[in-house]
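Peer 1: The structure's right below; bear with me while I get my questions together.
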Amino acid sequence: MKQFDVPVFYRSNLISLIKKKRKEKDKLKKDFTPTLLDFGPVQIFLARHFGFCYGVENAIEIAFKTVEQNPGKRIFLLSEMIHNPQVNADLANHGVRFLQNTEGKELIPFDSLTKEDIVLIPAFGTTLDIEKKLVDIGIPIEKYNTTCPFVEKVWNRSAAIAAKDYTIIIHGKPSHEETRATFSHASANAPSVVVKNMAQAQRLATYITGASPAQNFYEEFKNQYSEGFDVEKDLQRIGVVNQTTMLASDTQAIADFLKQVMIDKYQLTKATIAERFADTRDTLCYATNDNQTSVLEMLNTPADLAIVVGGYNSSNTSHLVELCEEKLSTYYINNSEKILSRKEILHYNFHTKQEILTADYLPTTEPIRILITSGASCPDALVEDVIQKLISFYPGTKSIEEIIAQIANT
Ligand code: SF4
């Protein structure tokens, strides 16, 4: 895979070495077991795959290069570059300004932009409306577009389904930038609806079967369907795509469920299913798949707790937390400062959307065993900081340098 020029302060010597060694030994990515870092009283099990993905590294490289190559120019980002507070703060410190917040609310009026300005399109992509606004102002959108190719792949898949007259069902978070962008691109080609979870897929099914009156759909799915959507006509042939960072098992369950609904309603067979249901595999990206598979494998390791590092508004990170929570005590933090002491940790509950303080999060027995992973927008340097902080509470641990020397000799 292409190597990107990402600022060195996002890297970690320890983690870069681990990733390099694991890659050398497992070129085909078949081994998802975690890496044990044995510090003595503290044993860290690091997920096989975590941290910056292709799309994030690509976006960061373009953003920092743009800043470097355009001194004196006004540089804007449509919204957060990626869902990591440190990366966004670093860009803001380099003078980059944000035009919208993550919900799409305007922070700086578009009509204050001129054709001399540079506007970076984030890794999530953007809507056709916004692309048009920029083009109308005279701002080139190709050169500074960091839309991830794996997001574009979803748009292409949607277009392919649309070309065969299927309605597009998008499994995603309706307010997430990527889902808004995918919805915009999909609905330019075909009727489209967003479902955020299985509960909504089940509600949608009642409109497919006619169990719910069609007119209720418009209120129930408000802001989640394309203009002119006709419930009676547009739910007769469907295909499912998803936001690239959803939980793989959720998307699969939703696609399987909707497929069965169509089979039952239209008495379809294997030979005729394609008449009503587009044969799509999920459109999760490779990083989401690798990171979720790595967490599932890591969870087979007996451990005392899990720590997941990432931005609190990061969809892919929250799904890693969701998987860990099913198995053991899990703490979702966005940097090492949230580990207040050996006794207390401040961590995010993404269900209630609040940070909470938990006491006695570390067991008293040694060695303690901690599972660690991070989201696709989290710099490895933050994960190393977390490891450093944890081992600092235990006298007699090996140092990170000693572990690096050990790994280098394997
Ligand atoms: S998580 Fe996947 S789709 Fe999103 S930026 Fe990374 S590689 Fe691209």
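The values are calculated or read from the model by the stated rules, or taken from the named source; none is laboratory data. The model shown is predicted, which means the values in this text are computed figures rather than measured ones. When we count neighbours, we look across all protein chains shown, and the Cβ atoms used for this are built from the backbone with ideal geometry, even at glycine.
Peer 1: I need the full set of residues from the range 234-280 which are of a type in the set (A, V, I, L, M, F, W, C) and more than 28 Å from the chain's Cα centre (by Cα), in order please.
Peer 2: 235, 261, 262, 263, 268, 271, 273, 274
Peer 1: Something else about it: Among 315, 392, which is in contact with a His (Cβ under 9 Å, 6 or more places away or on another chain), among the small types (Gly, Ala, Ser) and on the phi < 0 side of the Ramachandran plot?
Peer 2: Testing whether each residue is in contact with a His (Cβ under 9 Å, 6 or more places away or on another chain), among the small types (Gly, Ala, Ser) and on the phi < 0 side of the Ramachandran plot leaves just 315.
Peer 1: Could you pull out the residue among 95, 72 that is of a type outside the set (A, V, I, L, M), at positive phi, in contact with a helix residue (DSSP H, G or I) (Cβ under 8 Å, 6 or more places away or on another chain) and not assigned by TED's automatic domain parsing to the domain that holds residue 184? Lay out the reasoning, then the answer.
Peer 2: Numbers: 72 fails: in contact with a helix residue (DSSP H, G or I) (Cβ under 8 Å, 6 or more places away or on another chain).
Answer to the selection: 95.
Peer 1: Within the set of pairs 6 or more residues apart or between chains, which connect a residue that is farther than 17 Å from residue 28 by Cβ and within 16 Å of the ligand (Cβ to nearest atom) inside the range 284-307 to a residue that is part of a loop (DSSP other than H, G, I, E, B) and among the β-branched types (Val, Ile, Thr) with Cβ atoms less than 7 Å apart?
Peer 2: Hits for this filter: 284/244; 285/244; 288/244; 288/245.
Peer 1: Sticking with this structure for a sec: Which ones in the range 206-247 are of a type in the set (Phe, Trp, Tyr) and not in a helix (DSSP H, G or I)? Even if it seems obvious, please write down each step before you answer.
Peer 2: Our first condition is that a residue be of a type in the set (Phe, Trp, Tyr); within the range 206-247, this holds for 207, 217-218, 221, 225, 229.
Across the range 206-247, the qualifying residues are 221, 225, 229.
Peer 1: Something else now. What residue, among those in the range 47-72 that are of a type outside the set (A, V, I, L, M, F, W, C) and within 16 Å of the ligand (Cβ to nearest atom), is nearest to residue 383 (Cα to Cα)?
Peer 2: Only one residue fits best here, namely 51.
Peer 1: Mind checking whether some residue in the range 253-274 is touching a strand residue (DSSP E or B) at 6+ places or on another chain (Cβ under 6 Å), part of a loop (DSSP other than H, G, I, E, B) and either at pLDDT 95 or above or of a type outside the set (Lys, Arg) (or both)?
Peer 2: Within the range 253-274, none of the residues are touching a strand residue (DSSP E or B) at 6+ places or on another chain (Cβ under 6 Å), part of a loop (DSSP other than H, G, I, E, B) and either at pLDDT 95 or above or of a type outside the set (Lys, Arg) (or both).
Peer 1: With the requirement that a residue be surrounded by fewer than 17 Cβ atoms within 10 Å (Cβ to Cβ) and either touching a residue at least 24 places away in the same chain (Cβ under 8 Å) or in contact with a Ser or Thr (Cβ under 6 Å, 6 or more places away or on another chain) (or both), what does the range 266-278 give you? Give the steps one after another, and end with the answer.
Peer 2: Initial filter on the range 266-278 (surrounded by fewer than 17 Cβ atoms within 10 Å (Cβ to Cβ)): 266-267, 269-275.
Answer for the range 266-278, where residues must be surrounded by fewer than 17 Cβ atoms within 10 Å (Cβ to Cβ) and either touching a residue at least 24 places away in the same chain (Cβ under 8 Å) or in contact with a Ser or Thr (Cβ under 6 Å, 6 or more places away or on another chain) (or both): just 275.
Peer 1: Exactly one condition in (1) under 30 Å from residue 391 (Cα atoms); (2) of a type outside the set (Ser, Thr, Tyr); (3) surrounded by 18 or more Cβ atoms within 10 Å (Cβ to Cβ) is not met by residue 59; state its number.
Peer 2: (1)
Peer 1: Select from the range 95-128 the residues that are among the polar types (S, T, N, Q) and within 16 Å of the ligand (Cβ to nearest atom) and write down the one among them that is nearest to the chain's Cα centre (by Cα).
Peer 2: Going through the range 95-128, the residues among the polar types (S, T, N, Q) turn out to be 100-102, 112, 114, 126-127.
Pick out the ones that are also within 16 Å of the ligand (Cβ to nearest atom) and you get 102, 126.
Numbers: 102: 14, 126: 15 Å.
Once the filter is applied, the top-ranked residue is 102.
Peer 1: Further question on the same structure: Which numbered condition in (1) touching a helix residue (DSSP H, G or I) at 6+ places or on another chain (Cβ under 8 Å); (2) surrounded by 19 or more Cβ atoms within 10 Å (Cβ to Cβ); (3) among the hydroxyl-bearing types (Ser, Thr, Tyr) is the only one that residue 209 fails?
Peer 2: (2)
Peer 1: Next question, about the same structure. Is it the case, given these coordinates, that residue 226 is under 27 Å from the mean Cα position of the chain (by Cα), away from the ligand (no atom under 16 Å from the Cβ), surrounded by fewer than 17 Cβ atoms within 10 Å (Cβ to Cβ) and within 21 Å of residue 174 (Cα to Cα)?
Peer 2: Criteria not met by residue 226.
Peer 1: I would also like to ask the following. Checking residue 58 against (1) part of a loop (DSSP other than H, G, I, E, B); (2) in contact (Cβ under 8 Å) with a residue 24 or more places away in the chain; (3) in the same structural domain as residue 133 (by TED's automatic domain parsing): exactly one of these is not met. Which one?
Peer 2: Among (1) part of a loop (DSSP other than H, G, I, E, B); (2) in contact (Cβ under 8 Å) with a residue 24 or more places away in the chain; (3) in the same structural domain as residue 133 (by TED's automatic domain parsing), residue 58 violates only (1).
Peer 1: Of the residues 44, 75, 82, which single one is within 16 Å of the ligand (Cβ to nearest atom) and of a type in the set (Val, Ile, Thr)? Break it down stepwise before answering.
Peer 2: Details: 44 fails: within 16 Å of the ligand (Cβ to nearest atom); 75 fails: within 16 Å of the ligand (Cβ to nearest atom).
Being within 16 Å of the ligand (Cβ to nearest atom) and of a type in the set (Val, Ile, Thr) holds for just one of 44, 75, 82, which is 82.
Peer 1: Out of the residues in the range 340-386 meeting the condition of being among the aromatic types (Phe, Trp, Tyr) and over 17 Å from residue 42 (Cα atoms), tell me which one is farthest from the ligand (Cβ to nearest atom).
Peer 2: Selected residue: 348.
Peer 1: Could you tell me which numbered condition residue 159 fails, if it satisfies all but one of (1) within 16 Å of the ligand (Cβ to nearest atom); (2) surrounded by fewer than 17 Cβ atoms within 10 Å (Cβ to Cβ); (3) of a type in the set (A, V, I, L, M)?
Peer 2: Just one mismatch for residue 159, condition (1).
Peer 1: So which residues in the range 62-80 are of a type in the set (S, T, N, Q) and crowded, with 18+ Cβ neighbours inside 10 Å?
Peer 2: 66, 79
Peer 1: If you go through the range 171-190 one residue at a time, do you hit one that is under 23 Å from residue 52 (Cβ atoms), of a type in the set (A, V, I, L, M) and crowded, with 23+ Cβ neighbours inside 10 Å?
Peer 2: yes
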